[in-house]
Amino acid sequence: MRPQGVVTRGTTNPNRLRRVDNWIVATCGDRLRAAADPLAVDLGYGATPVTAVELRARLAAGVRADVRLVGLEIDPVRVAAAAPAADPPGLTFARGGFELAGLRPVLVRALNVLRQYDESEVAAAWRTVTGALAPGGVLVEGTCDELGRLGGWVLVDADGPRSLTLAAKLDALDTPATLAERLPKALIHRNVPGERVHELIRALDDGWRAAAGYAPFGPRQRWLRTVEGLAAAGWPLLDRPRRWRLGELTVPWSVVAPG
């Protein structure tokens, strides 16, 4: 099966994806726990396998010890370079792209991959990946900054995108407006007046300014107050204060979908 996709820059860093990994453990872990074959894929892990190694370790510790993770890269040189990090059967590496190399995983993580594609290519990539998933499987696709302090990702299943999550290291957050820089590819060019995601970012930023009085109590309290204000204003939030305290916010895709 010919890999589908193109070689991307492949830059990465240790712990860059810790926020999305921890969210996956908390939000998608039940799918792996219930699976007859707890298979996950790290799609486009990059020039080094470090984030694939980390995801497998986090899933094994937080979900189930027998989880299997396959790191897929379209570049055979990267696959060969990752071989010394393999620890079969729990962690292996192979060549593959959006078609998932014939695998049928329960979970696919694809971070900082589609960011390097054109927006018009996103929907087809989502369909290709989700069409190869095991029944009930999900794709987590998005982007983050180089150190993993800011990120945004979409949860996608066979029926399409389901939710958007924004996440930040709160003590490094100047203003929620900076989260717009790390929106997933499907939304990053939509942060303009008239688009729903622009309204969300603006509401977050307005709430952050309104909560300035909480700044002496720390950025977490200010963020909590900001998100509570969004909920009070009628925004349909899918997560609860436990996740908000971590600097996260998840909304249904319907409230941010491009117009």
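The values are calculated or read from the model by the stated rules, or taken from the named source; none is laboratory data. All values reported here derive from a predicted model rather than from experimental measurement. Neighbour counts run over all protein chains shown; Cβ positions are idealised from the backbone, glycine included. Ligands, DNA and RNA are stripped out before the accessible areas are found, and what is left, the full protein with its side chains, is counted by its heavy atoms. Shrake-Rupley method; radii C 1.70, N 1.55, O 1.52, S 1.80 Å.
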Residues (touching a strand residue (DSSP E or B) at 6+ places or on another chain (Cβ under 7 Å), more than 28 Å from Y214 (Cβ to Cβ) and outside any loop (DSSP other than H, G, I, E, B)) located in region 147-184
V154, L155, V156, D157, P161, R162
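If you take the residues in region 104-129 that are of a type in the set (D, E, K, R) and open to solvent by 10 Å² or more (accessible area, probe 1.4 Å), which one is modelled with the lowest pLDDT?
Keep residues of region 104-129 that are of a type in the set (D, E, K, R), which gives 104, 109, 115, 118-119, 121, 127.
Then drop every residue that is not open to solvent by 10 Å² or more (accessible area, probe 1.4 Å), which leaves 104, 115, 118-119, 121, 127.
Working: R104: 98, R115: 91, D118: 95, E119: 96, E121: 96, R127: 98.
For region 104-129, the residue satisfying everything is R115.
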Number of positions in region 227-259 that are open to solvent by 20 Å² or more (accessible area, probe 1.4 Å), assigned to a loop (DSSP other than H, G, I, E, B) and more than 17 Å from R202 (Cα to Cα):
4
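Being of a type outside the set (D, E, K, R) and either free of Cβ contacts under 8 Å to residues at least 40 places away in the same chain or surrounded by 15 or more Cβ atoms within 10 Å (Cβ to Cβ) (or both) is the requirement here; does A167 meet it? Before the answer, list the steps.
On the way: of a type outside the set (D, E, K, R): yes; either free of Cβ contacts under 8 Å to residues at least 40 places away in the same chain or surrounded by 15 or more Cβ atoms within 10 Å (Cβ to Cβ) (or both): yes.
For A167, the condition - of a type outside the set (D, E, K, R) and either free of Cβ contacts under 8 Å to residues at least 40 places away in the same chain or surrounded by 15 or more Cβ atoms within 10 Å (Cβ to Cβ) (or both) - is met.
When you check G207 against the structure, is it of a type outside the set (A, V, I, L, M) and either surrounded by 15 or more Cβ atoms within 10 Å (Cβ to Cβ) or touching a residue at least 60 places away in the same chain (Cβ under 8 Å) (or both), yes or no? So that I can check it myself, show each step before the final result.
Working: of a type outside the set (A, V, I, L, M): yes; either surrounded by 15 or more Cβ atoms within 10 Å (Cβ to Cβ) or touching a residue at least 60 places away in the same chain (Cβ under 8 Å) (or both): yes.
Yes; evaluated as a whole, the condition is true for this residue.
Residue-wise test of (1) more than 21 Å from the chain's Cα centre (by Cα); (2) open to solvent by less than 20 Å² (accessible area, probe 1.4 Å); (3) polar (S, T, N, Q).
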site	(1), (2), (3)
R68	no, no, no
G71	no, yes, no
A80	yes, no, no
G102	yes, no, no
Return the pairs, sorted by first residue and then second, in which the second residue is in a loop (DSSP other than H, G, I, E, B) and among the small types (G, A, S), the first residue lies in region 1-14 and is loosely packed, with under 15 Cβ neighbours inside 10 Å, the beta carbons are less than 7 Å apart, and the residues are 6+ apart or on different chains.
T11/G46; T11/A47
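Which count do you get for residues in region 146-164 that are open to solvent by 10 Å² or more (accessible area, probe 1.4 Å) and touching a residue at least 12 places away in the same chain (Cβ under 8 Å)? Break it down into steps so the answer makes sense when it comes.
Pass one, region 146-164, residues open to solvent by 10 Å² or more (accessible area, probe 1.4 Å): 146-147, 149-150, 155, 157-162.
When the remaining residues are screened for being touching a residue at least 12 places away in the same chain (Cβ under 8 Å), the result is 146-147, 149-150, 155, 157-158, 160-162.
Looking only at that region, the number is 10.
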Quick one: what pairs do we get from region 171-199, first residue on the phi < 0 side of the Ramachandran plot and acidic (D, E), second modelled with pLDDT of 95 or more and outside any loop (DSSP other than H, G, I, E, B), C-beta under 6 Å, 6+ apart or different chains?
D171/P219
Subset of region 16-43 that is outside any helix (DSSP H, G or I) and in contact with a strand residue (DSSP E or B) (Cβ under 6 Å, 6 or more places away or on another chain) - its residue that is surrounded by the fewest Cβ atoms within 10 Å (Cβ to Cβ):
L39
